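To start, the structure under review is shown below, and the notes come after it.
The values are calculated or read from the model by the stated rules, or taken from the named source; none is laboratory data. Predicted, not measured: the structure shown is a model, and the values here were computed from it. No Cβ is skipped: glycine too gets one built from the backbone with ideal geometry, and neighbour counts run over all protein chains shown.
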Amino acid sequence: MEKNLLFALDIGTRSVVGLVGEKVDNNIQIIASHRQEHRTRAMMDGQIHDVPEVANIIAEVKNALEASCGPLKKVSIAAAGRALCTIQSKAEIEISERSVLTSGDEHALELAAIQAAQQKLATSNTVTDPASYYCVGYSVVSFTLDQTPLKTLVGQRGKKTTVELIATFLPRQVIDSLQSAVTSVNLEIATLTLEPIAAINVLIPQTMRHLNLALVDIGAGTSDVAITKDGTITAYGMVPCAGDEITEAISQQYLLDFNVAEKVKRQLTANESPTITLVDVLGLSQEIPIHEILKSIEQHVADLAQAIAKQILTLNVTPPQAVLLVGGGSLTPMISEALAQSLDMPAPRVAVRRPDTIEGISEIPIDLCTPDAVTPLGILKLSASRTLNFMNVTLNKEPLHLFNLGQLTVADALLAAGIDIRSLHGRPGLGITVNINDQTNFFPGTHGTPSTIELNGHKASLSELLQENDVINVTKGVSGTMPSLCLSDIFDVIPSYSLLINEKSYDISPVITINGMPAQLDTTLEDRDQVIYRLPNTLEEILAITDNAMELPPYRYIINGNEREYSIRPKYAINQNAAHGASPVNANDHIVVTQPSEPTLGELLGLNNDAENFITILFNKEKCNIPLRRFTIIMNDKPAQPTDIARNNSIINFSSTEQEHPMISDVLLASNFNPKTIPPGSIVSILLNNQPTEYTSLVKNCDEITLVVI
């Protein structure tokens, strides 16, 4: 009868430990073990740096074990918590009250919560690239049945079950390098867990988890931390430094090869002599007192302890009730005392633990009752329980290793690859909004095309179940595009028309501008463009586009010592009717633009002929306007009249006086009466309204003045 062998490997930074056990009843009996240290620094900080070298060490361990146990095909491994990410999630399942819950139901609920954690990680910003993270283990925080907390659901009945757990994720690089090293020696990964999960299952059973404890697995490259409280595991964490930091310090201080420095570090606690003899890289032999070496590494040990304490306080907020140290690095001199000091705890509450007895494993050999054997024993114990294993599929020609959570679907594969399912469907293209002739117009984008999913060459849905070595091809949908439009796609061409300007014919074409700049009918439109496309329809527009707009420079004068400008405008007529700039223009109109004449002094000075500025009388039976204001105009040092042309750049002096009631003498001046026309010796008399009067008599509007010569 073939034995049911369990093979566990602890692939550490300093060494590889292999254990082979056999499941007998409910216990595991250890058959063989082998430990092999790395010959070079092929691993650093829990990460494989030299896969072939690590694979060689694994092969040596495997061959040594196979010599006594027979062929080994599958192996259980654990990953260090380097770049660890934890997600707390929960899942609920509605059940029938008639059925009794089984361990399978409990496991299915746990897997549903893990899938929820995967989705939470993939859709959050917790890590930069969620597709590069694998779930490597989980710890149940609590089970609830109809709102009642329970330790297990097995054998219970109810309506609604809930599980809350902590799922742990590591970068794909960490897992892939482990898998590469293992598969290269013809081993298949049976289960995978996290090193602190393995360790805590050995040292802190369920009956101890009501205590607030911190388990610290100090290895060579990393220090993994797990916290228990209130009956469950509450958090996992990792510090990227461990025993190698102390080895490196010794190497630097005494110029030692790294492997030699590692041996010196181990002798600090194992050597009964007060001195250690060593040979440095120069070949010089030295005998160094142990207390001197301890003094040289004291600060480095304190720094390591502070880093671990900081992680514990980050996860637990306050110091725990006790700290359990495991791993080869826990034997570092002074580490327990330094950690107790960093956490401000009594020194006895921080202690190194050895796996003397483990529930589920019988007869632990003496050589495995050491702190660095805790993790490999935990991996072996978990290899016989429900843990995570791989399913291998191909997604878009790339291999994808999925943790077999049971009933995996195409959607799970896409989620693990970091593909947002919502992004598969092609979205409609964005539309554009264009303002055309002060009216807003919206033009929608094109429709997107849907995605296609094929499973082993056949169309499939997201809910399709996966099998080992399935091939998935996903073609993302193509999103729609913004519309590419020009004016000719929207409007019919507006015809031009003809008209005459000063007897010259012009063809008037439509005006096209986009955002105030000249454009053509085939110019591509952009979102929020401001478009003008219409025929010019006012006189001002017509004159501008036909270059008939007159830009006359202003006249400049100095009037009473002040500089002044005076502008003149041309005269317009449309079809012989007076017009202005805003006048409408139509096809076949006749437009006349007349050059303006130079201004007169009256126009320049505002001496208008309004009736309120004159009175009207009859002088010798003829109407005569008598001004109520008297003007004095001097232009370029010469007297001038309001009717004279105001030449450009002239110097003008102007004054005026007002008189409310003109006299007879003002009438004679206004009528241009010339006294020289009276014959000598004649007698002249003046009648005001047929009554004799004097030259100084006042006149008013509508008076009648008669000059009589005898």
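Out of 26, 56, which single residue is over 17 Å from residue 12 (Cβ atoms) and either surrounded by fewer than 15 Cβ atoms within 10 Å (Cβ to Cβ) or out of contact with any Asp or Glu (no Cβ under 9 Å at 6 or more places or on another chain) (or both)? Exactly one residue qualifies, and that residue is 26.
Every residue in segment 662-692 that is surrounded by 11 or more Cβ atoms within 10 Å (Cβ to Cβ), of a type outside the set (S, T, N, Q) and part of a loop (DSSP other than H, G, I, E, B), please. Those that are surrounded by 11 or more Cβ atoms within 10 Å (Cβ to Cβ), of a type outside the set (S, T, N, Q) and part of a loop (DSSP other than H, G, I, E, B): 662, 673, 678.
Condition test on residue 161, is it at negative phi, without any contact (Cβ under 8 Å) to a residue 40 or more places away in the chain and assigned by TED's automatic domain parsing to the domain that holds residue 326? Can you show your working first?
Details: at negative phi: yes; without any contact (Cβ under 8 Å) to a residue 40 or more places away in the chain: no; assigned by TED's automatic domain parsing to the domain that holds residue 326: yes.
Here the answer is no, as residue 161 does not meet what is asked.
The set of residues in segment 336-363 that are in contact (Cβ under 8 Å) with a residue 24 or more places away in the chain and in contact with a Leu (Cβ under 7 Å, 6 or more places away or on another chain) comprises 350, 351, 352, 353, 355, 358, 361.
Could you check how many residues of segment 334-352 are more than 48 Å from the chain's Cα centre (by Cα) and either of a type in the set (S, T, N, Q) or within 21 Å of residue 246 (Cβ to Cβ) (or both)? So the answer is 1. Where residues in segment 634-661 are of a type in the set (S, T, N, Q) and outside any strand (DSSP E or B), which of them is surrounded by the most Cβ atoms within 10 Å (Cβ to Cβ)? Restricting to residues being of a type in the set (S, T, N, Q) and outside any strand (DSSP E or B), the top hit is 650.
Of the residues 380, 343, only one is in contact with a Gly (Cβ under 6 Å, 6 or more places away or on another chain), hydrophobic (A, V, I, L, M, F, W, C), surrounded by 13 or more Cβ atoms within 10 Å (Cβ to Cβ) and assigned by TED's automatic domain parsing to the domain that holds residue 226; which? Step through it out loud before you land on a result.
Details: 343 fails: in contact with a Gly (Cβ under 6 Å, 6 or more places away or on another chain).
Answer to the check: 380.
For segment 207-232, filtered to residues that are part of a strand (DSSP E or B) and among the aliphatic types (A, V, I, L, M), the residue that is surrounded by the fewest Cβ atoms within 10 Å (Cβ to Cβ) is 213. One residue is enough: does segment 569-578 have a residue meeting the conditions of a type outside the set (Gly, Ala, Ser), within 30 Å of residue 637 (Cβ to Cβ) and either surrounded by 12 or more Cβ atoms within 10 Å (Cβ to Cβ) or not assigned by TED's automatic domain parsing to the domain that holds residue 510 (or both)? Checking segment 569-578: not a single residue is of a type outside the set (Gly, Ala, Ser), within 30 Å of residue 637 (Cβ to Cβ) and either surrounded by 12 or more Cβ atoms within 10 Å (Cβ to Cβ) or not assigned by TED's automatic domain parsing to the domain that holds residue 510 (or both). Can residue 95 be described as among the β-branched types (Val, Ile, Thr) and at pLDDT below 75? Yes. Scanning for something within 30 Å of residue 700 (Cα to Cα), touching a residue at least 40 places away in the same chain (Cβ under 8 Å) and in contact with a Leu (Cβ under 9 Å, 6 or more places away or on another chain), does segment 604-617 turn up at least one residue? Yes, segment 604-617 contains at least one residue that is within 30 Å of residue 700 (Cα to Cα), touching a residue at least 40 places away in the same chain (Cβ under 8 Å) and in contact with a Leu (Cβ under 9 Å, 6 or more places away or on another chain). Across segment 115-155, the qualifying residues are those that are under 34 Å from the mean Cα position of the chain (by Cα) and of a type in the set (A, V, I, L, M, F, W, C), and the one among them that is surrounded by the most Cβ atoms within 10 Å (Cβ to Cβ) is 136.
What do you reckon, is residue 61 within 42 Å of the chain's Cα centre (by Cα), outside the structural domain of residue 221 (by TED's automatic domain parsing) and either not in a strand (DSSP E or B) or not aliphatic (A, V, I, L, M) (or both)? Against the criterion (within 42 Å of the chain's Cα centre (by Cα), outside the structural domain of residue 221 (by TED's automatic domain parsing) and either not in a strand (DSSP E or B) or not aliphatic (A, V, I, L, M) (or both)), residue 61 does not qualify.
Restricting segment 460-489 to residues that are assigned to a loop (DSSP other than H, G, I, E, B) and among the hydroxyl-bearing types (Ser, Thr, Tyr), the residue that is nearest to residue 571 (Cα to Cα) is 484.
Candidates 654, 673, 619: the one that is more than 30 Å from residue 536 (Cβ to Cβ), modelled with pLDDT under 80, aromatic (Phe, Trp, Tyr) and in contact with a strand residue (DSSP E or B) (Cβ under 9 Å, 6 or more places away or on another chain) is 673. For segment 594-609, state whether one or more residues are closer than 30 Å to residue 707 by Cα and exposed (fewer than 12 other Cβ atoms within 10 Å of the Cβ). Taking every residue of segment 594-609 in turn, at least one turns out to be closer than 30 Å to residue 707 by Cα and exposed (fewer than 12 other Cβ atoms within 10 Å of the Cβ).
Of the residues making up segment 65-80, those that are of a type in the set (Gly, Ala, Ser) and out of contact with any helix residue (DSSP H, G or I) (no Cβ under 6 Å at 6 or more places or on another chain) are 67, 68, 70. Note on segment 432-459: residues that are closer than 30 Å to residue 526 by Cα and assigned to a loop (DSSP other than H, G, I, E, B) amount to 10.
Which of the residues that make up segment 86-122 are among the β-branched types (Val, Ile, Thr) and assigned to a helix (DSSP H, G or I)? Quick ask: steps written out before the conclusion?
Initial filter on segment 86-122 (among the β-branched types (Val, Ile, Thr)): 86-87, 93, 95, 100, 102, 114.
The one that is among the β-branched types (Val, Ile, Thr) and assigned to a helix (DSSP H, G or I): 114.
Summed over segment 438-461, the residues that are surrounded by fewer than 16 Cβ atoms within 10 Å (Cβ to Cβ), in contact (Cβ under 8 Å) with a residue 24 or more places away in the chain and within 30 Å of residue 190 (Cα to Cα) give a count of 1. Going by the structure shown, is residue 69 within 24 Å of residue 183 (Cα to Cα), in the same structural domain as residue 218 (by TED's automatic domain parsing) and in contact with a strand residue (DSSP E or B) (Cβ under 9 Å, 6 or more places away or on another chain)? For residue 69, the condition - within 24 Å of residue 183 (Cα to Cα), in the same structural domain as residue 218 (by TED's automatic domain parsing) and in contact with a strand residue (DSSP E or B) (Cβ under 9 Å, 6 or more places away or on another chain) - is not met. Within the set 185, 174, the sole residue that is assigned to a loop (DSSP other than H, G, I, E, B) and within 30 Å of residue 51 (Cα to Cα) turns out to be 185.
If you check 287, 248 for being more than 29 Å from residue 86 (Cα to Cα), among the acidic types (Asp, Glu) and touching a strand residue (DSSP E or B) at 6+ places or on another chain (Cβ under 6 Å), only one passes: 287. Taking segment 247-259 as the range and being closer than 14 Å to residue 293 by Cα and more than 42 Å from the chain's Cα centre (by Cα) as the test, the residues that pass are 247, 249, 250, 251, 252, 253, 254, 255, 256. Looking across segment 331-358, the residues that are modelled with pLDDT of 90 or more and assigned to a helix (DSSP H, G or I) come down to 335, 336, 337, 338, 339, 340, 341, 342, 343, 347, 348, 349.
Scoring residue 616 on the criteria (1) out of contact with any Pro (no Cβ under 9 Å at 6 or more places or on another chain); (2) assigned by TED's automatic domain parsing to the domain that holds residue 543; (3) part of a strand (DSSP E or B) leaves a single failure, condition (2).
For beta carbons closer than 6 Å, sequence separation of 6+ or different chains, a first residue in segment 241-254 that is within 18 Å of residue 282 (Cα to Cα) and a second that is polar (S, T, N, Q), the qualifying pairs are 253/296. Has segment 43-51 got at least one residue that is surrounded by fewer than 19 Cβ atoms within 10 Å (Cβ to Cβ) and in a helix (DSSP H, G or I)? Yes, that holds for at least one residue.
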